[in-house]
Amino acid sequence: MATVQTARGPIEAADLGPTLMHEHVFVLSPDSQRQWSDEWDEEAQVANAISKLNELAATGISTIADPTVDGLGRDVARIARIQAEVDLNIVVATGVYTYTDVPHFFFFRGPGVIPGLPDPMVDCFVRDLEEGVRGTQVRAGFLKCAIDEHGMMPGVERVLRAVAGAHLRTGAPIMVHTHPGSNTGLAVKRVLGEEGVASNRVLLAHSGDSTDVEHLTSLADDGFILGMDRFGIDATLDFESRVGIVVEMCRRGYAGQMVLSQDAACYIDWIDPVFKPGLPNWHYLHVLRDVVPALLDGGVTQAQVDDMLISAPRRFFEG
Ligand SMILES: [Zn+2]
């Protein structure tokens, strides 16, 4: 039996239940907010998040994995405060989110100064996973990093190898933000493979942004878990296409290697609120309310839906 660290303490992986594997509570730019914005009201935003997450819990979702790491305005103390008031598990992550360079904090440390020195990022991640995130009782439940259309930039590779190092020391699974249109999954496969990471402990987030069924099939055959996790971001790929690729991958027998999610947030400051109405389906309830019925209409079975919502998340954490 494997234990998963949630913001309300450890639980058995078997008890995760229906899980949305990629939902943020908040995505924030704290420096910019502090200096230039009046949008953030701490008490109002926390209250709104508690309300939205309890609304989600009432639909039958019992866990969300929140991959908000360094670079996305991570504040685990705030998450712990919200967790205390909501009736689902929030699993927080550790790691670094960048498409290009390492954060300036790490730039002139470790291998950033002398190639070959141990990377201090590894100890930071391991501390979050094993002892808890500073200022909280919360331990991170998984690792998160990113690669986007820029490809395997040196800073991206350094983070990926640090994440692999923390994985090898702790056994925590890894989620990688990917850009499937640039076949970044293959670059992830190369680097993590060199580090000795088993692909079945790696979730390639945003795989569902692609309709390239042969590419996704080859990644699934390699053992990766595929994040079909941006339902509701219909501006970059429409609803029918997002549903269609999941239907086809289920038909090919990969339901046990896919997870469903929305990559939504209660508030994300990357988007001018003026444009938010342009994404009416981008919220926590879209998967259960709209996506699952469309999948069932498309020929996906309830057992396959359960594979994607329950079994695949459990396997990701269990290994
Ligand atoms: Zn995300």
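The values are calculated or read from the model by the stated rules, or taken from the named source; none is laboratory data. These numbers come from a predicted model, not from an experiment. Here the Cβ is made from the backbone with ideal geometry for all residues, glycine too, and neighbour counts use every protein chain on show. Remember, those area values only see protein heavy atoms, side chains included, never the ligands or the DNA or RNA. Shrake-Rupley method; radii C 1.70, N 1.55, O 1.52, S 1.80 Å.
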Can you confirm whether the range 181-202 contains a residue that is in contact (Cβ under 8 Å) with a residue 24 or more places away in the chain and within 13 Å of the ligand (Cβ to nearest atom)? no
Filtering the range 183-192 for residues that are touching an Asp or Glu at 6+ places or on another chain (Cβ under 9 Å) and open to solvent by less than 50 Å² (accessible area, probe 1.4 Å) leaves a count of 4
Meets criteria (at pLDDT 95 or above, open to solvent by 40 Å² or more (accessible area, probe 1.4 Å) and more than 20 Å from LEU143 (Cβ to Cβ)) for ARG251: yes
Scan the range 118-137 residue by residue and report those that are open to solvent by less than 80 Å² (accessible area, probe 1.4 Å) and without any contact (Cβ under 8 Å) to a residue 24 or more places away in the chain. PRO120, GLY132
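Residues are listed down the side, and each one gets a yes or a no for (1) under 20 Å from LEU296 (Cβ atoms); (2) within 15 Å of the ligand (Cβ to nearest atom):
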residue: HIS206; (1), (2): no, yes
residue: ASP212; (1), (2): no, no
residue: SER218; (1), (2): no, no
residue: ASP221; (1), (2): no, no
residue: PHE224; (1), (2): no, no
residue: ASP229; (1), (2): yes, yes
residue: GLY232; (1), (2): yes, yes
residue: THR236; (1), (2): no, yes
residue: SER241; (1), (2): yes, no
Pairs only if they're at least six apart or on different chains, beta carbon under 6 angstrom, first in the range 242-256 and in contact (Cβ under 8 Å) with a residue 24 or more places away in the chain, second assigned to a helix (DSSP H, G or I) and of a type in the set (Ser, Thr, Tyr); list them, first residue then second. GLY256/SER311
Residues in the range 95-109: is at least one among the acidic types (Asp, Glu), within 30 Å of ILE225 (Cα to Cα), modelled with pLDDT of 95 or more and within 16 Å of the ligand (Cβ to nearest atom)? no
Checking GLY244 against (1) open to solvent by 20 Å² or more (accessible area, probe 1.4 Å); (2) not in a helix (DSSP H, G or I): exactly one of these is not met. Which one? (2)
It is to be established whether one or more residues within the range 57-70 are within 24 Å of VAL176 (Cβ to Cβ), within 16 Å of the ligand (Cβ to nearest atom), hydrophobic (A, V, I, L, M, F, W, C) and in contact with a Cys (Cβ under 9 Å, 6 or more places away or on another chain). yes
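Checking the conditions here, which among GLY232, GLY299 is assigned to a loop (DSSP other than H, G, I, E, B) and surrounded by fewer than 17 Cβ atoms within 10 Å (Cβ to Cβ)?
GLY299
For the range 1-101, which strands (runs of 3 or more DSSP E) that fit wholly inside it have 1 or more residues that are buried (at least 23 other Cβ atoms within 10 Å of the Cβ), touching a residue at least 40 places away in the same chain (Cβ under 8 Å) and not acidic (Asp, Glu)?
Values: elements: 3-6, 9-12, 63-66, 89-95.
Answer list for the range 1-101: 3-6, 63-66, 89-95.
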